[in-house]
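> Below you'll find the structure I mean.
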Amino acid sequence: MDGTYIEREGAANAPFYLPQGDECDLFAAAHANTLPVLLKGPTGCGKTRFVAHMAARLGRPLYTVACHDDLSAADLIGRYLLKGGETVWVDGPLTRAVREGAICYLDEVVEARKDVTVVLHPLTDDRRILPIDRTGEELEAAPGFMLVASYNPGYQNILKTLKPSTRQRFVALDFDFPAAAEEERIVAQESGLDPARCKPLVRLAGKLRGLKGQDLEEGVSTRLVVYTATLIAQGMPVERAIRAAMVEPLTDDEDIKRGLLDLVTAVFG
Ligand code: ADP
């Protein structure tokens, strides 16, 4: 398949996404060549928004699945359900995406149960097929189908990591929090808060991220900075908004909280 329909449909309505590098080109090239893509990066740094943006630009429907430790292959593929006394087959999101030539985004794929990876393998190689054992079907992915998965390498959990045999089936893109100038633009755009008032929030986020690994497991996400700015734009006092959206979500430890609030005073005091 060549990439000729790239940006033909939906581009104008694509949700706002500020690129950090060449990730849009890479994603489009992968899509045009039916390559699956793996997005690596911390939570709240823009991965989901990026996929939504690219799906709209490429004019493909998008099925997003938030993976969790109980998610099984049947949840993705589908199952027989009782409807009005009859047993009917209902496609899961992955099967629908395969039939329609849509993009299927498996968010935090490492969380899912092991049988999920088995399903993904024949879809991520040349065959691009989805065997459905229950119905005996073997679906060939329609043109335009693309598998996208994300995971957060920051969670140091040996049990929950992608096996090389799985990860080596994907083109991988490394995501991180945007640089300060870009993050200011994103926060202003998303929250409606004046850019000059977003600047110190982003500076504070940078300082909080510096504590990752010492006091904090995860740095503050762009999502939380957007929440903080949104509360401020709604008229909440700055310190209250920061406490609610940039401090409390990060830790339950009172000592660490006090340390974080000292940082807030240093930036805003
Ligand atoms: P992830 O999927 O990495 O956990 P999201 O894509 O949900 O994170 O991003 C969280 C929020 O941060 C988005 O809803 C959006 O408001 C904002 N955001 C982060 N990065 C960007 C970006 N590059 N362009 C636009 N918005 C962004």
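The values are calculated or read from the model by the stated rules, or taken from the named source; none is laboratory data. Computed from a prediction, not measured in an experiment: that's the story for all the values here. Reconstructed Cβ throughout: ideal geometry from the backbone, glycine too, with neighbour counts over all protein chains shown.
> Looking at region 48-73, which of the residues that are more than 18 Å from ARG99 (Cα to Cα) and either away from the ligand (no atom under 15 Å from the Cβ) or among the basic types (Lys, Arg) (or both) is surrounded by the most Cβ atoms within 10 Å (Cβ to Cβ)? Even if it seems obvious, please write down each step before you answer.
Looking only at region 48-73, we keep the residues that are more than 18 Å from ARG99 (Cα to Cα), and these are 48-54, 56-57, 66-72.
If we keep only those that are either away from the ligand (no atom under 15 Å from the Cβ) or among the basic types (Lys, Arg) (or both) too, we end up with 49, 57, 69-72.
Details: ARG49: 18, ARG57: 23, ASP69: 10, ASP70: 9, LEU71: 19, SER72: 15.
Filtering region 48-73 for residues that are more than 18 Å from ARG99 (Cα to Cα) and either away from the ligand (no atom under 15 Å from the Cβ) or among the basic types (Lys, Arg) (or both), the one surrounded by the most Cβ atoms within 10 Å (Cβ to Cβ) comes out as ARG57.
> Given the criterion of a type outside the set (Gly, Ala, Ser), in the same structural domain as CYS45 (by TED's automatic domain parsing), farther than 20 Å from ALA142 by Cα and more than 23 Å from the chain's Cα centre (by Cα), identify the matching residue among GLU111, GLU86. Talk me through it step by step, then tell me what you get.
Values: GLU111 fails: more than 23 Å from the chain's Cα centre (by Cα).
The unique qualifying residue is GLU86.
> For region 28-53, give me the residue count where each residue is at pLDDT below 95 and of a type in the set (A, V, I, L, M).
0
> Among (1) within 16 Å of the ligand (Cβ to nearest atom); (2) free of Cβ contacts under 8 Å to residues at least 40 places away in the same chain, there is one condition GLU138 misses while meeting the rest; what is its number?
Going through (1) within 16 Å of the ligand (Cβ to nearest atom); (2) free of Cβ contacts under 8 Å to residues at least 40 places away in the same chain one by one, GLU138 breaks only (1).
> Give region 220-240 a look and list any residue that's away from the ligand (no atom under 16 Å from the Cβ) and part of a helix (DSSP H, G or I), or say none.
Result: VAL238, GLU239, ARG240.
> Another question, if that's okay. Please identify the pairs in which a residue from region 36-51 that is among the hydroxyl-bearing types (Ser, Thr, Tyr) has its Cβ atom under 7 Å from the Cβ atom of a residue that is part of a loop (DSSP other than H, G, I, E, B), counting only partners at least 6 apart or on another chain.
Qualifying pairs under 7 Å: THR43/ASN152; THR43/GLU218; THR43/SER221.
> Which residues, counting only those in region 159-212, are among the small types (Gly, Ala, Ser) and out of contact with any helix residue (DSSP H, G or I) (no Cβ under 7 Å at 6 or more places or on another chain)?
Residues satisfying the conditions are SER165, ALA172, ALA179, ALA181, ALA196, GLY210.
> Which of the following residues is assigned by TED's automatic domain parsing to the domain that holds LEU38 and on the phi < 0 side of the Ramachandran plot: VAL202, VAL238, VAL148, VAL187? Steps first, answer last, please.
Values: VAL202 fails: assigned by TED's automatic domain parsing to the domain that holds LEU38; VAL238 fails: assigned by TED's automatic domain parsing to the domain that holds LEU38; VAL187 fails: assigned by TED's automatic domain parsing to the domain that holds LEU38.
Testing whether each residue is assigned by TED's automatic domain parsing to the domain that holds LEU38 and on the phi < 0 side of the Ramachandran plot leaves just VAL148.
> Can you pull out the residues in region 93-126 that are without any contact (Cβ under 8 Å) to a residue 40 or more places away in the chain, assigned to a loop (DSSP other than H, G, I, E, B) and of a type in the set (Lys, Arg)?
Passing the criteria: only LYS114.
> Is at least one residue of region 163-176 in a loop (DSSP other than H, G, I, E, B), away from the ligand (no atom under 16 Å from the Cβ) and crowded, with 19+ Cβ neighbours inside 10 Å? Working first, answer last.
Filtering region 163-176 down to residues in a loop (DSSP other than H, G, I, E, B) leaves 163, 168-170, 175-176.
Keeping just the survivors that are away from the ligand (no atom under 16 Å from the Cβ) gives 163, 168-170.
Those left that are additionally crowded, with 19+ Cβ neighbours inside 10 Å: 169-170.
The answer is yes; a qualifying residue exists.
> While we're looking at this one, here's another question. Can you find, within region 13-47, the residue that is farthest from the chain's Cα centre (by Cα) among those that are of a type in the set (Val, Ile, Thr) and either surrounded by fewer than 18 Cβ atoms within 10 Å (Cβ to Cβ) or more than 10 Å from the ligand (Cβ to nearest atom) (or both)? Give the steps one after another, and end with the answer.
Going residue by residue through region 13-47, those that are of a type in the set (Val, Ile, Thr) are 34, 37, 43.
Subset that is either surrounded by fewer than 18 Cβ atoms within 10 Å (Cβ to Cβ) or more than 10 Å from the ligand (Cβ to nearest atom) (or both): 34, 37.
Numbers: THR34: 20, VAL37: 12 Å.
That would be THR34.
> For the condition farther than 23 Å from PHE16 by Cβ, modelled with pLDDT under 90 and in the same structural domain as PRO195 (by TED's automatic domain parsing), what is the one hit in LEU260, LEU208, LEU250, LEU216?
Only one candidate qualifies: LEU216.
> Name every residue in region 98-113 that is farther than 13 Å from THR124 by Cα and in contact with an Asp or Glu (Cβ under 9 Å, 6 or more places away or on another chain), in order of residue number.
Of everything in region 98-113, those that are farther than 13 Å from THR124 by Cα and in contact with an Asp or Glu (Cβ under 9 Å, 6 or more places away or on another chain) turn out to be ARG99, GLU111, ALA112, ARG113.
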